[in-house]
Amino acid sequence: MVEPEERPSVAGQRLGAPESMGISTLEPGQRPPTMPPGRQVSIRVQMLDDTQEVFEVSQRAPGKVLFDLVCAHLNLIEGDYFGLEFQDQRKMTVWLDLLKPTLKQIRRPKNTILRFVVKFFPPDHSQLLEELTRYLFALQIKHDLACGRLTCNESSAALLVSHIVQSEIGDFDEVQCKQHLLNNKYIPEQDALMDKIIEYHRKHVGQTPAESDYQLLEIARRLEMYGVRLYPAKDREGTKLSLAVAHSGVLVFQGHTKINAFNWSKVRKLSFKRKRFLIKLRPDLNQSNCQDTLEFMMGSRDCCKVFWKICVEYHAFFRLFEEPKPKPKPVLFTRGSSFRFSGRTQRQVIDYVKDSEFKKVPFERKHSKIQSNSGLSPFPPRLCVEGQGESNASASGHQADSPVGRTQVTVENPALQHYTGSLTSQTNGCRNGTHDEADARLKPSPSKQQAEHLSTGPVSRSPQHSESPSAGQVMVNGQKQSLSLGQSPDRRQPSPLTSPLLTDAGFVRTDDEDERFPTDKAYFIAKELLTTERTYLKDLEVITVSFQKSVGKDEAMPDSLRNLIFANFEPVYKFHETFLNDVEQRLAQWEGRSNAHIKGDYQRVGDVMLKNIQGLKLLTAHLQKHSEALLELERTCRSSRRLEGLCRDFELQKVCYLPLNIFFLRPLHRLMHYKQILERLCKHYPPTHDDFRDSRAFALTALADISEMVVQLHGTLIKMENFQKLLELKKDLTGVDDLAIPGREFIRLGCLSKLSGKGLQQRMFFLFNDVLMYTSRGMTASNQFKVNGQLPMYGMTIRESEDEWGVPHSFTLFGQRQSVVVAASSESEMEKWVEDIKMAIELADKCNGSSAEILSSSFTDSKSPEESSADQESEDDLSASRTSLERQTPHRGNTTVHVCWHRNTSVSMVDFSVALENQLSGNLLRKFKNSNGWQKLWVVFTNFSLFFYKTHQDEFPLASLPLLGYSITVPSESENIHKDYVFKLHFKSHVYYFRSESEYSFERWMEVIRSATCSSSHIRSLSRKEPHVY
């Protein structure tokens, strides 16, 4: 890429524009202040288009004089959004103070270059009333993309670059577009996205440069890193994080992911003392234990002061109606800083521009071949007068700087954890107004800092796992992906579906810890029992401790419901506390931490399981009541809005990392876990195993007992899993009255493209045994999916129609009143949909006539005008909604439904059940593609996601990674992973390596991740309803 040329010029001659005195920092009718007498000094300023201008100012002139000269030189009316930054003698980037003399701030003007950049980023770009201002903002976005400061996913990056290219070279020409992209680098990983950029650019035909700027800002403002400058800091525990300031308040970041926000309305005072930056919050009358002061440690006092100043300016600019008055100087002693915001506030700027009339001044787009002559306009660019013509300006782009390095910390991303849910934290200060909860976001509990040891030095060599990827590759759901929501950790932004922990840094790196553990496979089976039992007990605590504390004690919960829930969960919880203690003691003896010389008596776990499973049988009555408790809770929530709100608020807490209803089914799922563990144990102990004949006998007896319980409760589990899934989907859908009607069974959900007058439109389909619903993603704050149409399954026929419509993997659904043509993303995806739809049609046809008529009449084939308009949504609008990273509320941004939407895949009810029943926990070492060391984490696999903890004692996960769309393989030789028991998770360019402690655990992790994401069929679904009695 061509370096931008430096063109020192005299102020006022830029771009051949006429001289103008429309300066943003002056009141109407005023001219720039008279230059103070004294020797003139030349100061260089680099503009946003990478040109350099020289300005002559007096030695005694304040910074405001220089800034006014720059704005006058640009003919800029809305200059208050901008500022001049430079590196001082301490190599710190600071803003030019408009009230202090310029030369007192710039010690060596000959060797200093000031940069004219955007200082205040408004939340809505429509507040920028001048086309020139929007153009300068677009240049800032372009620069931030190139240097890696503005991070986003691949699709958003490609869409942003396509608008930049449209503004620079005009309408799409394939040869010209490719050549332009080869000559100009706009993003660090541009070559890999070349085809996607070209695809988007093709859709912008007829779009003027002003419209491209407008669309660029529309997409950029939705990104989490839009306008964010990170200031490194630490919390009280020494955890690395970053602070930033925005129009809404002070933000806390983990790497490039926002984990907390303190709204201006919640902040009482900002101050600093030495290295400590202090945020004092307003007291919350609803919280008696609210701590009102948050403390962060920064690199130095100067760092604190720089950040404090920009916070003061942001608050004044966006929150005040007018410029604050200067404080009177004290007579004798001064206390504190005299710094104040200087200039007009945003409200004053908007009013000034609207009330004044300015002559339209043409300006040149330096990198554009299309010249736009436009002045001030309060309307969007489509209403502005545009002129097109050739420009002599160079078409070279910005030189891309190296990406900004990340620092990640062990802090939860509260927005992603549900996928949980939108991995964004609330923007109005600490959750529920309490400092304790806000502080918990920033640091783990001191009582939970101690990590476990993880055996990383294998005692026996496993088979080589360095074969080619194809040898061990298992594609998840096996279809072509159409949209990446996450990003790889190699210095790029993780998606809303990728949690902050999945970026490089934060933990103590662990390489080779050669701890000796028993080599018998039975030991590792017993250790799996231990690790999963720890997770299971934590899940029970969600109900017995957290839910009881937050909801159970409220008067909105009836006594009958309270007794039904906690009287049947607490005995189970206490029993498993004892069970876990027994297993921990046995593993300690087995590992040799006590009685190391004893062999045989303690090197088994079947007797411990037999003893406790016989005790668990006595709790069968309590286990049967758990499903009744879930039904009663749902029934009561329907009649009590207060209780429904309490349950909804509880689901937003970090400890509730899964939908609340799933925790009610955990005891039934745990029976399935015990059965699987005992089956593996019995398989390991053949009848001829002399040393462990007693162990096999214990395991067989325990297996028979647990199988009997599974058969007894299996029917209840199937019904409750379906009921729980309907309740979960109800929260993701809008436009349907009651999803969980009696007799309805969920079968599959996922993305299909629906053929309409506008072409193929991405839609989310939900298949049940009685109806097929198709939806579009809403743009509401809750990000729910709006039901556009419902097709009753009774009387429906299906036919493949690829040849008829010329659309790959397409098929037509013929309903009683309506036909719909849809296309899947791949052949395998189409086969799964066709198979499940045929099964649903067969089930509907088997219903008696009266039931079929009721179902048929209860669903409307015809669509309302709103649904019709939603169905006619343009492809450009859908593209923008898919690729823009909107702020999402917790639990609605990254549920399984949203993950399927963004990764263009589907899952069935059987997939959901297997993902919940095949839970696995344990310590793993994790490594990124471009990192050197391994990081030790406690990892829980459930519900299609990996949840990451620092230790097994943590109350809530720090981060999560949804695995839908990912593939699991073993590293190849070329990846230089010279370790045993390593598996690789990859989705497009996102790669994570995980290293287990043994061959057994390696195979188990591979097995559960595969089993939870492999394709399912109705044959498998039906066979699942008839459990095998061992």
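The values are calculated or read from the model by the stated rules, or taken from the named source; none is laboratory data. If you're wondering where the values come from, they're calculated on a predicted model, not measured in any experiment. Glycine gets a Cβ as well: all are built from the backbone with ideal geometry, and neighbour counts include every protein chain shown. With ligands, DNA and RNA removed, areas are computed over all heavy atoms of the protein, side chains included. Shrake-Rupley method; radii C 1.70, N 1.55, O 1.52, S 1.80 Å.
For segment 187-250, the relative contact order is 17 percent, taking Cα pairs closer than 8 Å that sit 6 or more residues apart in sequence and dividing their mean separation by the residue count.
Per-atom-type breakdown for segment 722-763 gives carbon and sulfur 50% of the accessible area (1.4 Å probe, protein chains only).
Computed over protein heavy atoms with a 1.4 Å probe, the accessible surface of segment 43-120 works out to 36 Å² per residue.
Between residue 635 and residue 347, what is the FRET efficiency for a Förster distance of 56 Å, r being their Cβ-Cβ separation, to the nearest 0.05? So, using R0 = 56 Å, E works out to roughly 0.65.
Between residue 818 and residue 719, what FRET efficiency comes out of the Förster formula 1/(1 + (r/R0)^6) with R0 = 35 Å and r the beta carbon distance, rounded to 0.05?
E(calc), rounded to 0.05, equals 0.65.
Rounded, prolate or oblate for segment 93-133? Axes are the square roots of the Cα gyration tensor eigenvalues, ordered a ≥ b ≥ c, and the cut-off for rounded is a/c under 1.5. Taking the square roots of the gyration eigenvalues as a ≥ b ≥ c, segment 93-133 is prolate. Protein-only accessible surface at a 1.4 angstrom probe places the residues 630, 270 in the order 270, 630, largest first.
Taking every Cα-Cα distance in segment 738-779 and sorting them into 10 Å bins starting at zero, the pair-distance distribution P(r) comes out as 26, 46, 24, 4 percent. Take segment 714-774 with all the other protein chains still there, run a 1.4 Å probe, and you get 29 Å² of accessible area per residue. Accessible-area rank, largest first, for 934, 308: 308, 934, with all protein chains present and a 1.4 angstrom probe. Once the 1.4 Å probe is applied to the protein heavy atoms, segment 218-275 comes out at 35 Å² accessible per residue.
Sort 941-950, 573-582 by packing, meaning the average of other beta carbons within 10 Å per residue, with the highest value first.
Peptide ranking by packing, descending: 941-950, 573-582.
Compared with the rule-of-thumb size 2.2 N^0.38 Å for a compact globular protein, segment 608-718 has a Cα radius of gyration ratio of 1.41.
Within the straight-line cut-off of under 19 Å between alpha carbons, the lysines reachable from residue 280 are 234, 266, 269, 305, 309, 443, sequence neighbours fewer than 8 places apart in one chain being disregarded.
Figure legend: label point modelled 7 angstrom from the Cα of residue 56 along Cα→Cβ; residues of segment 74-95 with amide N under 19 Å from it are 74.
Computed with a 1.4 Å probe on the full set of protein chains, the accessible area for residue 125 sits at about 10 Å². The heavy atoms of residue 531 offer some 10 square angstrom of accessible surface to a 1.4 angstrom probe. Computed extension length for residue 93-residue 800: 248.3 nm, one decimal, from 0.36 nm per residue of separation with the Cα-Cα distance subtracted. For segment 124-243, the average shadow cast by the Cα convex hull is 8.4 nm², which is a quarter of the hull's surface.
Taking the convex hull of the alpha carbon atoms in segment 188-315, what volume per residue do you get, in Å³?
166 Å³
Taking 323, 829 and ordering them by how much accessible surface each has at a 1.4 Å probe, largest first, produces 323, 829. Given R₀ = 60 Å, what would the calculated FRET efficiency be for residue 113 paired with residue 617, taking r from the Cβ atoms and rounding to 0.05? Calculated value: 0.15. With each label modelled as a point 7 angstrom along the Cα→C-beta vector, the residue 582-residue 521 pair spans 2.5 nm.
Lysine pair count for segment 538-671 with Cα-Cα distance under 19 Å and sequence separation of 8 or more or different chains is 9. Using a cutoff of 8 angstrom between alpha carbon atoms and counting only pairs six or more residues apart, the relative contact order for segment 601-735 works out to 38 percent.
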